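Worksheet: the structure to be examined is printed underneath.
The values are calculated or read from the model by the stated rules, or taken from the named source; none is laboratory data. For clarity, every value in this text was computed on a predicted model and none was experimentally measured. All Cβ positions, glycine included, derive from the backbone under ideal geometry; neighbour counts span all protein chains shown. The protein model used for the area step is the full one, side chains on, heavy atoms only, and it has no ligands, DNA or RNA in it. Shrake-Rupley method; radii C 1.70, N 1.55, O 1.52, S 1.80 Å.
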Amino acid sequence: MRHVGPKQPRLFSRIFSLVTAGAITLSGLLATDAAAEIKVSPVFGDSMVLQRDQPIHVWGWVESGASVTVSMDDRSISTEANDEGRFDVSLPSMSAGGPHSLTISSGKESKTFADVLIGEVWVCSGQSNMQWRVANSNHADVEIASANYPNLRLIAVPNVAAREPANDFNGSWEACTPDSVQGFSAVGYFFGRTIHQTLGVPVGLINNAWGGSAAEAWVPEETLAEAPEMYDPLLERWEKLSTNYDFEAELAKYEERRQKWVANGKKGASPRRPRNQLTGNHRPGNLYYGVLNPIIGYSIRGTIWYQGESNSSRAFQYRDLFPRMITKWRSDWNQGDFPFYWVQLADFRVEVEEPGMSDWAELREAQTMALSLPNTGQAVIVDAGEGKDIHPTDKQTVAMRLARLALTKDYGYKFASESPRLKEVRFEDGKALIDFELVGAGLETFDVQETLGFTIAGDDQVFYNADGKIIDSDTIQVQSTSVEQPVAVRYGWADNPIVNVQSKEGLPLTPFRTDTWPGKTDAQR
């Protein structure tokens, strides 16, 4: 069993984070130590949106033991900073509206934030498909030109890693304009815009996605150490790397290769400059401390999440990792089981005609399993990907399916929002009869009449393409002449599956399998 060693002394740890990641500015360092000046996370600022109908959590740092008062309109609450200078208060909940001003005062010092709105706040997190900019998405020119929403507010947390909790970042709230929206998360913006237009209240979006990030970077190392049988190999690899890795030596090798390339007339591709793995977006804890910690505790409605591509080779592990991450975030936020909605992996890579093993299918399965957690939802987009591009530019479809989840689960709207899912299967007379739930107005196919995407197997665990027929609104019959006595059915079980079953509302059937046979990623840790 791997044991996590004692933490480094507080000051040394923070200086180490400053040097290795460039993550903690001087103001952020002072914010956690005793100081006369009032310090807060930049998530508090002019033009921010605060969550309506919930206690409004405000925190920051002043001198140890100093009295602090936080006020907004006729609401005011006072407290004393603890031994480390941190204060935490919660103002009474407020209804949507504004603008307001929020003031924090301590002794002779005060800090006031203007143009504060009360509305709905969502965190937009994950890897590159969440980070993907509006400017690089479908119909970008029209989307940007039309992005005039003064009560839709945006803030982004820069991609800076840390090994100890960071409290500062370089960012500020902005109203949504053609200028401010271009570099913002496309999925986040299209989601937030739909919520804003539908509810008619202010909306605040916090974007802290980091392209290429692995899920284990979004939780502390200690959280993974709680399950040594699952994560010891992963943690041990990082411990070994942190001991032996010499980034300066890697840079020197790169520079040598580059000089040879230049001397050779710059023929071929230029050598790629190495990235410091220890300060990157895969190391456990790096993103949790660097880009999540500065916003943990900010009162929110919920989170939308688009990630999994970087973990596909370890999809079996993701069954535990993903819900563990969600649970950790919720615990640290101290706001109960806030809504957490994610995007299932899109279709990607080459389409294949015959059934086989697929790590992406296993990752999708792991994502679906996380629906066992309360207040969760999944946007299935197996029909909206691009085989040759891991970054589909159709972010509008993705965002609309996430918005459906929020509008029905959190805001009381009554329409279909979840993709049909497997309910149960029974095998009779050489056929599989599959019942589904969440079918809306009923199941249908698109493009062609026959169902596409089903495979079937007998006890030999060899799968064959199967013929399917919708026999009523929520049941499909599947069979194959190659399998006399079927015992297992799969649907959409491929990296880029050829599928066409959906609800009549246009929500694609969730890929599934009825067997638990060994998969491609079971042994990967």
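Looking at the stretch 308-423, the helices (runs of 4 or more DSSP H) lying wholly inside it that each contain 3 or more residues that are more than 16 Å from the chain's Cα centre (by Cα) and either of a type in the set (D, E, K, R) or within 27 Å of residue 233 (Cβ to Cβ) (or both) sit at 315-333, 359-369. Taking the condition of being loosely packed, with under 13 Cβ neighbours inside 10 Å and charged (D, E, K, R), how many residues in the stretch 237-251 meet it? Final tally of qualifying residues: 4.
Among the conditions (1) in contact (Cβ under 8 Å) with a residue 24 or more places away in the chain; (2) at negative phi; (3) open to solvent by less than 20 Å² (accessible area, probe 1.4 Å), residue 330 misses just one, which is (1).
Among the residues that make up the stretch 76-91, is at least one of them open to solvent by 50 Å² or more (accessible area, probe 1.4 Å), at pLDDT 95 or above and under 30 Å from residue 193 (Cβ atoms)? Checking the stretch 76-91: at least one residue is open to solvent by 50 Å² or more (accessible area, probe 1.4 Å), at pLDDT 95 or above and under 30 Å from residue 193 (Cβ atoms). Counting only strands (runs of 3 or more DSSP E) wholly contained in the stretch 427-524, the ones carrying 2 or more residues that are open to solvent by 10 Å² or more (accessible area, probe 1.4 Å) and without any contact (Cβ under 8 Å) to a residue 24 or more places away in the chain occupy 467-472.
Within the stretch 404-426, if we keep just the residues that are of a type in the set (S, T, N, Q) and touching a residue at least 40 places away in the same chain (Cβ under 8 Å), the residue that is farthest from residue 485 (Cα to Cα) turns out to be 417.
Considering only residues in the stretch 95-113 that are touching an Asp or Glu at 6+ places or on another chain (Cβ under 9 Å) and under 15 Å from residue 151 (Cβ atoms), the one that is surrounded by the fewest Cβ atoms within 10 Å (Cβ to Cβ) turns out to be 95. When you go through 126, 212 one by one, which is the residue that is of a type outside the set (Phe, Trp, Tyr), surrounded by 20 or more Cβ atoms within 10 Å (Cβ to Cβ) and on the phi > 0 side of the Ramachandran plot? The conditions single out 126. Of all residues in the stretch 441-478, those satisfying the criterion of being out of contact with any Lys or Arg (no Cβ under 6 Å at 6 or more places or on another chain), within 15 Å of residue 422 (Cα to Cα) and small (Gly, Ala, Ser) are 453, 468, 473.
Taking first residues from the stretch 82-94 that are over 16 Å from residue 167 (Cβ atoms) and partners that are open to solvent by 70 Å² or more (accessible area, probe 1.4 Å) and not in a strand (DSSP E or B), the Cβ contacts under 6 Å between residues at least 6 apart in sequence or on separate chains come to 90/55; 93/53; 93/55.
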